[in-house]
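Each reported figure results from applying straightforward, stated rules to the coordinates on display, with no laboratory input. All values reported here derive from a predicted model rather than from experimental measurement. Cβ sites come from the backbone with ideal geometry, for glycine too, and all protein chains shown count toward neighbours.
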Ligand code: B3K
Ligand code: ZN
């Protein structure tokens, strides 16, 4: 058991920095195990108080500390595990320090570390303090000049901004000097050094400036950066058109690295990417990879304005840059790939991750008010719900006022570190609206439930809608306020035609209702026939919708709601209810047949986009179903979902086979939305067919795998073979490994696929894979491919009644925590929801959390999550 309990950091304790740094000069003498870092900081007191100078610094070997050229004696400064403190300093001075660090030994991948023989950095949120002493907080903005010196074998020496000078030095060394003219907090600092290939391009910005674009990758991989480059150029143009934002430096660089704790990082002018989110060609990347590359390249690029030019005052404001930037990348993807399909995917992700977070012990507001480790707050709530809040803001004030508010925000806060309040104030100002109540979306945790009930008066031709909202308590927030919710509503008649109506005397096809109290009534008049209500169109607020709609209403919506989100949602609702009924021991076979028929009709709709149909075919996941079953019984849900899949496969078998044949790729592979949509539908058809593992289906799956000319189809075929099982699967699995063993990103897929295998006995295989020579827990991609895929995407096996899945995860978390706490902490979440499961399972999960928390030498990161998950139950 840990002895001291870590103390939380609170928003209410925020104080402006005691010192500001105008200029920073860093000098790196790079050596894998002994890197020297000299820092020269122009320091200026901020305010009146004679406070000591306190700088963050961890794992630094001190060499010297000097003020205005005078080296300080040991009695003049103190250095402990976290800080350098100099009690007595003038109001303005130059601090010069020198430290030694060991990048080669840094397996936490935080600060300066080595990946594949190259130096690279990751500083957000608090990695810079592992490089040199500095006020490691986002509200200290400085201009950086960085000199890098290394052995000549480190061919490229990169940092933020513009290259000022470079050349060779005696002794087989070389150097480069970079200057970034934009003041920035140290979390945006980056350095990369090593042998890399580069893909180059150029872009002319809206004002006619030419920007050099360079993507650096492992030697030989430059062709695989072509799609990322294309996505980057489209992102840059899109930000000019959609937000009037132009790129500011003459050079924009991206570097791909193999060992990275998460997706990518928006360092000023020098983004660093996990190679899995950058490298793609048809043979090695799936359509999903392409889609993610496009959106993450855009996301990091968009940070240049929302994050870098304007940053956060403190880490409690994280959503200011993250939620907003996710909103921006989602809007970009919607423009690139189709609004409805994009919206459905975004909502699926929101429900799978953020709604689950809200139902667990880690539920927190979009702007939290305390934390132990900020690393733990890069959550779906900050990112995805943060984006939903911006989306609602736009819906409430209208697109035009939203754009004006953004313009004002950019103008007012450029070059500053600011707050969510300051951001919202811009929109209040331009729209003339009081957004005080809206702010509660940032402060209140939990997913609200919105109930919509209708009463139709045929004689008066009026429809009365009764809207109510409530939010269940979350940890630390026992009572909840009503929130202002934008709710888009339309009506259909029983034949699925749009039904016009009037609201406040205005003739409409659709209306936006803003529910800003616990309950309200809305009356629509001139409603000619009994309506089917299409509520919360486009998922206009991040809530759980409960309506009094009957299945027959849902069939009307599924067949013809002009709002494609709600058309898809109706299908999901029907499927969810059928599976939940089955899991509760009340299967309704007649209703299941009816659903299969309706799905068949929707699939036959020639006008519908294949990407949309692929989404219609995918049943709600077991994880999503488990949120709706109390207590959740994963085995029952798995069986129920399999049963419905089998019924669909039986009912729609011929149609699915036809689709599979008809969608065969004829021409060239294109990674665009249209090509990806056809492949998605074809693979979804095969996936469903595999629910009925007959010999002809096995043959079809094998043929699909063997004939695949791209990774999407190869994985689709392998997945179907896995669901069918048997010899053919084993052979294909071995074949796949042999073929791709020298491609790490493809081998990640090989591990992940086996981790998803729901069949009995699959756990033994997963366990065995941890001893596979290609398994390397020090590489976060490989670790997550096996362990996190198993724990989050294979509920049937993870929740084995024996508890073996849980203890396996706990073992992995503890092993990884020894060298990479940030990644270990991100693995805790599947155990966190233990209260939602049946008591037998819940106890087993809880026991593993208790074991984790009691572990000797546990990191603060994992400690925070394990103890919050245990709550007051296990103190
Ligand atoms: N800002 C980074 C995330 C950093 C995570 C630090 N633990 C990537 C992004 O959201 O764009
Ligand atoms: Zn981001």
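Observations, loosely collected:
- Rounded to 10°, Cα long-axis angle of helix 839-853 versus longest principal axis of the chain: 10
- Percentage of interatomic Cα-Cα distances in segment 701-821 larger than 25 Å: 23
- The calculated FRET efficiency for the pair residue 151 and residue 107, based on their C-beta separation and a Förster distance of 22 Å, comes to about 0.50.
- √(5λ) per eigenvalue of the Cα gyration tensor, segment 599-713, largest first, Å: 26, 17, 14
- If you wrap the tightest convex hull around every Cα atom of segment 645-768 and split its volume per residue, you get 111 Å³.
- Once the Cα-Cα distance is subtracted from the 0.36 nm per residue extended length, the residue 607 to residue 586 segment shows a gain of 4.0 nm.
- Annotation for residue 694 and residue 407: the two label points, set 7 Å from Cα along the Cα-Cβ direction, are 6.3 nm apart.
- Rough spin-label spacing in nm, given labels placed 7 Å along Cα→Cβ, for residue 250 and residue 661: 6.2
- Compared with the direct C-alpha span, the chain from residue 94 to residue 169 gains 24.2 nm at full extension, assuming 0.36 nm per residue.
- Based on Cα contacts under 8 Å between residues 6+ apart, the chain shows a relative contact order of 9 percent.
- Degrees, to the nearest 10: 589-604 long Cα axis against longest axis of the chain: 70
- Value at 222 nm in deg cm²/dmol, rounded to 500, when DSSP H runs of n ≥ 4 in the chain each add -39,500 (n - 2.57): -12000 deg cm²/dmol
- Bridge type composition, the chain - antiparallel percent by DSSP, nearest 5: 80
- Share of pairwise Cα separations in the chain, more than 49 Å, in percent: 20
- To the nearest ten degrees, helix 399-413 and the longest principal axis of the Cα atoms of the chain are 10 degrees apart.
- Square roots of five times the Cα gyration tensor eigenvalues for segment 741-875, Å: 25, 18, 10
- Paramagnetic reach from residue 843 (point 7 Å along Cα→Cβ, amide N under 18 Å) across segment 787-829: 799-807
- FRET efficiency, 1/(1 + (r/R0)^6) with R0 25 Å, evaluated for residue 240 and residue 201 via beta carbons: 0.90
- With the cut-off at under 17 Å, measuring from each backbone N in segment 453-473 to a point 7 Å along the Cα-to-Cβ line of residue 437 picks out 466-471.
- For segment 775-854, average projected area of the Cα convex hull in nm²: 4.9
- FRET efficiency for residue 453 and residue 707, using Cβ-Cβ distance with R0 set to 45 Å, rounded to 0.05: 0.30
- Longest to shortest principal axis, alpha-carbon extents of segment 696-742, angstrom: 32, 20, 13
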